[in-house]
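The values are calculated or read from the model by the stated rules, or taken from the named source; none is laboratory data. All values reported here derive from a predicted model rather than from experimental measurement. Positions of Cβ are generated from backbone atoms using ideal geometry, with glycine treated the same way; all protein chains shown enter the neighbour counts.
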Amino acid sequence: MSHPWVLRAASILFVLALWEWAGNAGINIAFPSCTETLAAFWEMLVDGTFAEAYAETAGPLIVGVLLTAVGGVLAGLVMGLSPRAEWLGLPMFIVLQASPSAAIVPLITFIYGIGFTAKVFAVVLLSAPVIVLNSYRGIANTPRSLLEMSNAFLASRWQRIWKVVIPAGSGLIFAGLRLGLAQGFTGAVLAELIITPTGVGDLITFYRSSADYPQMFAAILSIILVASISVTLLQNLERRLFRPELRAV
């Protein structure tokens, strides 16, 4: 019983059993049981509802995360290498990370309207701080011994960056990309709930307005599953790519 997978499975089963009991206890008419939610989930999976919704959500999510991955890693690299860039950029991203996202996302509509661009910007807004800050920490915390070794071998500045600094910070950079994907997914769903009713966010809004609560909870459950599976796959990839000392804590 000490195997991690056994404990995780037992924990999930306990939560599902508690959910089933609460749903059948009649706590609230808007709270369906686990079996009703799973039945609705299977129905929406088979009839293509989820496929159509996630195809709509995936567009701005992919574009936003790609833009932030490239720009965020470059920004973190510059901030980690330049004290002036650090002084200018670090406070801005710390403030963005601490700001309540649900309050910021509606402001996007005043600038970009309610179209595709607004949803991409919402993804960028939520994923950028974690990607930039992790990249910055990975670059700024390069072990001094490695930098001294590169100086001893007369490495140029660019050789030091490409062959020492970036490899040393690659674990934290990848962790930032992993967490940035999760935050970007949150931004995409928030944009669909607050800005424009499309994709998986529209499923929640539609089923809530029509009082189809099993379908609404099934849509929410699908978001949890997609996010959990994505992050788990990236964590496993991180373990394969990086040695333990390079991984983020």
query = If you take the residues of the stretch 194-228 that are of a type in the set (Ser, Thr, Tyr) and not in a helix (DSSP H, G or I), which of them is modelled with the lowest pLDDT?
reply = 196
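One line per residue, one yes/no per condition, for (1) in contact (Cβ under 8 Å) with a residue 60 or more places away in the chain; (2) more than 14 Å from residue 188 (Cβ to Cβ):
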{"residue": "71", "(1), (2)": "no, yes"}
{"residue": "81", "(1), (2)": "yes, yes"}
{"residue": "92", "(1), (2)": "no, yes"}
{"residue": "98", "(1), (2)": "no, yes"}
{"residue": "125", "(1), (2)": "yes, no"}
Residue that is nearest to residue 214 (Cα to Cα), among those in the stretch 8-52 that are β-branched (Val, Ile, Thr) and not in a helix (DSSP H, G or I) = 29
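Results for (1) aliphatic (A, V, I, L, M); (2) assigned to a helix (DSSP H, G or I); (3) within 19 Å of residue 166 (Cβ to Cβ), shown as yes or no for each residue.
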{"position": "54", "(1), (2), (3)": "no, yes, no"}
{"position": "73", "(1), (2), (3)": "yes, yes, yes"}
{"position": "78", "(1), (2), (3)": "yes, yes, yes"}
{"position": "85", "(1), (2), (3)": "yes, yes, yes"}
{"position": "91", "(1), (2), (3)": "no, yes, no"}
{"position": "97", "(1), (2), (3)": "no, yes, no"}
{"position": "103", "(1), (2), (3)": "yes, yes, no"}
{"position": "121", "(1), (2), (3)": "no, yes, no"}
task = Would you mind finding the one in 41, 14 that is surrounded by 11 or more Cβ atoms within 10 Å (Cβ to Cβ) and either under 24 Å from the mean Cα position of the chain (by Cα) or at pLDDT below 90 (or both)?
result = 41
Pairs where the first residue, in the stretch 222-249, is within 27 Å of residue 34 (Cβ to Cβ) and among the basic types (Lys, Arg) and the second is modelled with pLDDT under 85 and part of a helix (DSSP H, G or I), C-beta under 6 Å, 6+ apart = none
message = Could you check the stretch 24-38 and list, in sequence order, the residues that are within 17 Å of residue 219 (Cα to Cα) and either hydroxyl-bearing (Ser, Thr, Tyr) or modelled with pLDDT under 90 (or both)?
response = 30, 31, 32, 33, 34, 35, 36, 37
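Yes/no per residue for (1) aromatic (Phe, Trp, Tyr); (2) buried (at least 19 other Cβ atoms within 10 Å of the Cβ):
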site	(1), (2)
105	no, yes
118	no, yes
158	yes, no
162	yes, no
165	no, yes
171	no, yes
174	yes, yes
180	no, yes
192	no, yes
